[in-house]
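Undergrad: Below is one structure. I have some questions about it.
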Amino acid sequence: MPYRKVTENVGDQTILLVEGLGRVVMLAQETIRGIMAGKARFKLTLEQMVKIGYESIPLALVASGFVGMVFAMQIATEFVRFGAGKYVGGVMAIAMARELGPALVGIVIAARVSAAIAAELGTMQVTEQIDALKALGSNPVRYLVIPRFIASALMLPLLTVGAIVTGFTGGYFVAVLVGHINPVEYLETARSLLKLWDIFGGLIKTFCFGMVIAVVACYKGLNAAGGAKGVGEATTSSVVTSLLSLFALNYFLSLAFFK
């Protein structure tokens with residue numbers, strides 16, 4: 001019967017989802033154990049830090065700058081209408097530190113780096129290069145996953161700092177020039193309303209984002225199959241899964257940090 005077939009398909013998809021989640025968690029555990037055991041390779045990690053962090057700087061800063069400008073333009077207009085224009089700077093600072101900066105960097109890295117990692121490892125998998133590594137006695141997790149995991153976890157907070165500063169600065173110019181906000185009040189309310197934990201909380205969030213992006217991308221790449229088509233599917237799945245994971249994780253971390 002059609003109903004029975006639909007039910008069976010849903011059940012099979014649920015089993016596959018739970019199985020995949022379990023494998024991702026196992027890969028994360030193995031990666032963390034390897035890091036704690038001192039199996040990270042400095043040269044490989046440094047190379048990944050350049051690819052993940054340094055090469056993502058223009059994209060992250062441009063995106064955060066324009067988002068900060070748009071956000072400032074919107075809130076400045078409404079705040080001035082209600083006579084609360086002096087609070088634009090404080091709202092901008094809190095929004096960029098808590099949510100906009102971390103979320104933008106997470107999305108940018110998930111879109112750019114997650115796809116690159118999944119495609120690279122997926123190509124290695126379908127061309128049997130990973131099997132060759134195993135045959136030579138090299139651990140793929142140590143050689144491929146750990147450097148990307150460390151680089152992603154460390155570079156996302158650094159990118160977030162730049163994104164926060166860029167977004168806040170862009171918002172400053174728009175609020176002053178377009179919204180006619182007093183520049184002294186903009187900076188003063190930002191100083192008085194922004195707390196140190198707002199910044200640290202946002203950086204911790206991106207640290208967690210980096211770990212999730214690296215684990216998901218590496219898992220999808222290492223499990224690619226079916227030639228070029230499989231690599232493409234793994235890349236697409238890596239980006240989608242990373243983004244959905246970040247959105248869900250962002251909610252729970254914000255609930256825990258800023259409630």
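Undergrad: Rank-order 38-45, 132-139 by packing density, defined as the average count of other C-beta atoms within 10 Å over each peptide's residues, highest first.
TA: Working: 38-45: 12.8, 132-139: 11.0.
Order by mean packing, descending: 38-45, 132-139.
Undergrad: Pairs of lysine in the chain with Cα under 22 Å and at least 8 positions apart or on different chains: total?
TA: So the count of such lysine pairs works out to 12.
Undergrad: Rounded to the nearest 500, what is the chain's calculated 222 nm mean residue ellipticity when only DSSP H runs of at least 4 contribute -39500 (n - 2.57) each, over all residues? Please report the intermediate quantities before stating the final value.
TA: Details: 10 runs with 214 residues, N = 259.
Only helices count here, giving -28500 deg cm²/dmol.
Undergrad: How high is the relative contact order of the range 40-258? Use alpha-carbon pairs under 8 Å, at least six apart in sequence, and give a whole percent.
TA: Numbers: 336 pairs, mean separation 80.9, N = 219.
That works out to 37 percent.
Undergrad: Between [x] -0.26; [y] -0.31; [z] -0.22, which entry matches log10 I(q)/I(0) by the Debye sum over Cα atoms at q = 0.07 Å⁻¹ as derived from the coordinates of this structure?
TA: [y]
Undergrad: Could you give the dipole magnitude of the chain about its Cα centre, charging the beta-carbon of Lys and Arg +1 and that of Asp and Glu -1, in debye to the nearest 20?
TA: Details: 21 positive and 15 negative charges, 73 e Å.
Here the size comes out at about 360 debye.
Undergrad: Which residue, Ala119, Ala63, Ala84, has the most motion in a Gaussian network model of the chain that connects Cα atoms within less than 10 Å?
TA: With Cα springs under 10 Å in the chain, the top fluctuation among Ala119, Ala63, Ala84 is at Ala84.
Undergrad: Still on this structure, I have one more. Which of the peptides 183-195, 154-166, 238-250 is most tightly packed, and how do the rest follow, going by the mean number of other Cβ atoms within 10 Å of each residue? Mind showing how you got there, number by number?
TA: On the way: 183-195: 16.2, 154-166: 22.6, 238-250: 18.6.
With the highest mean Cβ count within 10 Å placed first, the list reads 154-166, 238-250, 183-195.
Undergrad: Let me check against my output: what whole-number percent is the relative contact order of the range 62-162, with C-alpha pairs under 8 Å and at least 6 apart? Write out the running numbers ahead of the final one.
TA: Values: 33 pairs, mean separation 27.4, N = 101.
Reported as a whole number, the value is 27 percent.
Undergrad: Continuing with this model, one more query. Identify, among Val91, Val240, Val25, the residue whose Cα sits farthest towards the positive end of the charge dipole of the chain, taking +1 on the Cβ of Lys and Arg and -1 on the Cβ of Asp and Glu, with the dipole about the Cα centre.
TA: Projecting each Cα onto the dipole axis, the largest value belongs to Val25.
Undergrad: Okay, moving on. Work out which helices of the chain, taken as complete DSSP H runs, extend at least 30 Å along their axis over the Cα atoms and score a mean Kyte-Doolittle of -1.0 or more, then list them.
TA: Numbers: long enough: 2-36 (51 Å, 0.19); 57-81 (36 Å, 1.50); 101-126 (36 Å, 1.41); 146-177 (47 Å, 1.67); 196-222 (40 Å, 1.50); 227-258 (45 Å, 1.07).
Span-like helices, by this rule, are 2-36, 57-81, 101-126, 146-177, 196-222, 227-258.
Undergrad: Note down the net charge around Ala93, summing +1 for each Lys or Arg and -1 for each Asp or Glu among other residues with Cβ under 15 Å from its Cβ. Don't skip to the end; give the middle numbers.
TA: Values: positive: Lys86, Arg98, Arg191, Lys195; negative: Glu99, Glu185, Glu188, Asp198.
Counting the neighbours of Ala93, the net charge comes to 0.
Since every read-out is calculated from the coordinates, none of them should be taken as a lab result. Keep in mind that this is a model prediction, so the values were computed, not measured. Ideal geometry is used to build each Cβ from the backbone, glycine not excepted, and the neighbour counts take in all protein chains shown.
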